[in-house]
Every structure is written in C-alpha cells, then in structure tokens.
Amino acid sequence: GIGVYSGGTWSFAPADIDGSLGLNALALSPGGDARIAYWFADGDAGWKLRWAGSPAGPETVVPLGSNSLERQQIGFELTSGLDGPRPHFLVMRPDPARPGGFTLDYITRSDEGEWQVITVAREEPPPACPEPAVEGETCERVFQTLHPHRIVSDAQGSVLLLYSVHEHKALLTARCRGGVDPPPPNPVAGPPPPLCVWEGSEEVEGDLMA
C-alpha cells in the first residue's frame, strides 16, 4: 500500500498484494494526495493497469490486452479534479490491429468519471529477416521503438507527455557451418545444406518527444 507521513503520524491506503506485480510509478497531487500506478495480474485474466492510494482501494484503469508484460514503463501524474486527484497515465500496450506492434496510449479520467484513452503514436512490428541460406548474404533491419517516460503538469492542470523514439539499425550477415555452400539444387540427392545464422550488431539512436 501507500504510506503517508503528515502531522507526526502515518496513514496507509491499500493496494494489491495477491498476484503478480510489474513496474510502478508514484505521483503527488497539488493537494498533497499520494497515489501509485502499477501493472497487476491475477489468475488468467491477463495484466491490467491499476492505481491505488484512495480509501476506496485499488481500481483498474485499463486492461493490457495480453498475458505478456513486455513494456512496463508508466508515465504517471496527478492534477486537481472535481472529486479529488485526476490521474494521467502514459503506457505502451499491444496493438490489436497489428500483431507484434504497440500503441503509446495516454489515459485520463474525465470530470464525469469516464476513462478516456487517446493513442499518441503507434509502433510498427519490427521487420524480420528471412532464413539465411548462403554464407555472406546480408539483411538490413530498420525500425523504431517508443518508450514512455513521464507526464508533467502546470498549475492550471495542463499536461505535457514525454516519451522517446528509438531508431534501430542493424546490418546482419549470414554465417554458415557444415553442409555444402551453396546448397545443391536437389538437396535430397546430396549432402545436407549448411546451418546458417544471422550475426551482426545493432545501432540505436533516441530522440525525446513531447
């Protein structure tokens, strides 16, 4: 849970403890209310984004949409709302329209109490190289990944979303062992083809976005 020390005493608010926990993030509202956001999973229901710290107990914000928690970073901020702190989240979630892709989602609660999800950017699935077959053949992979960092706010309650875009570049070369290189046109009649794997290094450059 969350412990708050004020006026010489500690007060505690409950959070989830029975289940699997991912990364968490803490935030303090302009009025001094502390809240925690975290990934939580119990049973076969999959991961979900939760937040806690109020006397009402933990609350689910949105489901992750997957049983695999690959991107755990959470941007979390609190501003003043009509009925207490208004939460703001910035997270990555699997893109249901693009297997292997992700969406960078900004999530907040309206004054009417409804959760609002806005997709800020999409991360395309990284390209895959075909199976290598010949020594020395090459494959170039270029793709981007998105990484949420934090949310900052001003006295009027406006928020600024901070995230980074990483550019990945890799030139891979096939290295083969055993067999015959190149493979014979009729492998059934000849020796087995070589065992080839991709080898190489990756360069990554990042830019901070807001």
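With a 1.4 Å probe rolled over the protein heavy atoms of all chains, the accessible area of 38, 106 falls in the order 106, 38, largest first.
Of all accessible surface on the chain at a 1.4 Å probe, what whole percent is carbon and sulfur? Of all accessible area on the chain, carbon and sulfur atoms account for 52 percent.
Per-residue Karplus couplings for the range 108-115, computed as 6.51 cos²θ - 1.76 cosθ + 1.60 with θ equal to phi - 60°, are listed in order as 8, 10, 6, 5, 8, x, 8, 6 Hz, Gly and Pro entered as x.
Under a GNM of the chain (C-alpha, springs under 10 Å), which listed residue has the highest mean-square fluctuation: 154, 42, 33? Its mean-square fluctuation being the largest, the pick is 154. Listed values for the range 76-93 are Karplus-derived 3J(HN,Hα) couplings in whole Hz (6.51 cos²θ - 1.76 cosθ + 1.60, θ = phi - 60°), namely 9, 8, 10, 10, 7, x, 5, 10, x, x, 9, x, 9, 10, 9, 9, 9, 9, and x replaces Gly and Pro. Ligands, DNA and RNA aside, residue 47 has an accessible area near 40 Å² when probed at 1.4 Å. Per residue, the chain exposes 58 Å² of accessible surface when a 1.4 Å probe is rolled over the protein heavy atoms with every protein chain present.
A cut-off under 15 angstrom between Cβ atoms defines the neighbours of residue 151, and their net charge, with Lys, Arg +1 and Asp, Glu -1, is +1. For 61, 120, the ranking by accessible surface with the largest value first comes to 120, 61, using a 1.4 Å probe. FRET efficiency for the residue 67 to residue 124 pair, using the beta carbon distance and R₀ = 22 Å, is estimated at 0.50. A Gaussian network model of the chain, with springs between Cα atoms under 10 Å, assigns the largest mean-square fluctuation among 121, 155, 34 to 155. Each of (i) 53, 14, 12; (ii) 24, 20, 17; (iii) 48, 19, 14 is a candidate for semi-axes √(5λ) of the Cα gyration tensor in Å; the one calculated from this structure is (iii).
Among 128, 27, 52, the largest mean-square fluctuation in a Gaussian network model of the chain (Cα springs under 10 Å) belongs to 128.
The values are calculated or read from the model by the stated rules, or taken from the named source; none is laboratory data. This is a predicted model, so every value here is computed, not measured. Please note: Cβ atoms are built from the backbone with ideal geometry, for glycine as well, and neighbour counts cover all protein chains shown. Side chains included, ligands, DNA and RNA excluded: accessible areas come from the protein's heavy atoms. Shrake-Rupley method; radii C 1.70, N 1.55, O 1.52, S 1.80 Å.
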